[in-house]
Amino acid sequence: MSPADALPTPEGLLLRPWRSGDAPAVLRAFAAEEMARQAARPVTTTAEALDWIAGRAAERAAGTGFAWAVVRDGEALGSVAVTAVSHVHDTGWVSYWTAGSARGTGVAAAGVRELARWAFAELGLHRLELGHRTNNSASCSVALRAGFAPEGVERAKLRYGSERYDVERHARLATDPVNLG
């Protein structure tokens, strides 16, 4: 399997690389205040959405990050990604988001589970990490349902505006029992 392949999930979703035709879905997702404040750069226009997609393609081409649109019936419902890929340590950083209409439907957890299987099998990674604000119970639920064990709290790690947030770190290892079933 190459980094460009689509990945079907047991739940009937498809992970595939982001495409320029997904710009409206990206724009809708980043219109939510919660998403907008976490974005490294604004995504408020079609041009900015296309730039966001181009950035994901550039990471994929460089082998430093692999972002996938999580798709059902041709509609991009969210994103899962493994970035900061290090083949020195065989590690990667996992992130995910879903469009408002897909929240609470299992899309993120299914996407992250498939992403982890792929990253261990195809990238040869040993450790995947992720983090979420401690006040984001939905993101914690995704991490747990995707087989990521909590490891601890990083105090005041993130800053949005003038407010700082603690982050709970989770990790999943290639050798974890969740990968053997």
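The values are calculated or read from the model by the stated rules, or taken from the named source; none is laboratory data. Predicted, not measured: the structure shown is a model, and the values here were computed from it. Quick reminder, even Gly has a Cβ in these numbers, built from the backbone with ideal geometry, and neighbours come from all protein chains shown.
Tabulated results
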| read-out | value |
| --- | --- |
| Any hit, segment 58-69, residues being surrounded by fewer than 21 Cβ atoms within 10 Å (Cβ to Cβ), within 22 Å of Glu151 (Cβ to Cβ) and hydrophobic (A, V, I, L, M, F, W, C) | no |
| Segment 119-147, subset in contact with a strand residue (DSSP E or B) (Cβ under 6 Å, 6 or more places away or on another chain) and assigned to a helix (DSSP H, G or I), residue nearest to Ala171 (Cα to Cα) | Ala143 |
| Some residue of segment 12-22 being on the phi < 0 side of the Ramachandran plot, at pLDDT below 95 and surrounded by fewer than 18 Cβ atoms within 10 Å (Cβ to Cβ) | no |
| Pairs with Cβ under 8 Å, 6+ apart, first in segment 50-64 and farther than 18 Å from Phe30 by Cα, second of a type outside the set (A, V, I, L, M) and in a helix (DSSP H, G or I) | none |
| Positions within segment 145-167 being surrounded by fewer than 14 Cβ atoms within 10 Å (Cβ to Cβ) and either of a type in the set (S, T, N, Q) or touching a residue at least 40 places away in the same chain (Cβ under 8 Å) (or both), in sequence order | Tyr160, Gly161, Ser162 |
| Every residue from segment 33-51 that is hydrophobic (A, V, I, L, M, F, W, C), surrounded by 13 or more Cβ atoms within 10 Å (Cβ to Cβ) and modelled with pLDDT under 95 | Met35, Ala36, Ala39, Val43 |
| Matching entry among Val26, Val43 (being in contact with a helix residue (DSSP H, G or I) (Cβ under 7 Å, 6 or more places away or on another chain) and either basic (Lys, Arg) or assigned to a loop (DSSP other than H, G, I, E, B) (or both)) | Val43 |
| Verdict on Glu114 being in contact with a strand residue (DSSP E or B) (Cβ under 9 Å, 6 or more places away or on another chain) and touching a residue at least 60 places away in the same chain (Cβ under 8 Å) | yes |
| Residue count, segment 147-181 (criterion: in contact with a helix residue (DSSP H, G or I) (Cβ under 9 Å, 6 or more places away or on another chain) and of a type outside the set (Gly, Ala, Ser)) | 10 |
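Condition check ((1) under 13 Å from the mean Cα position of the chain (by Cα); (2) closer than 25 Å to Lys157 by Cα; (3) basic (Lys, Arg)) across all residues:
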site	(1), (2), (3)
Arg41	no, yes, yes
Thr46	no, no, no
Arg56	yes, yes, yes
Gly74	no, no, no
Ser86	no, yes, no
His89	no, yes, no
Ser95	yes, yes, no
Glu122	no, no, no
Gly131	yes, yes, no
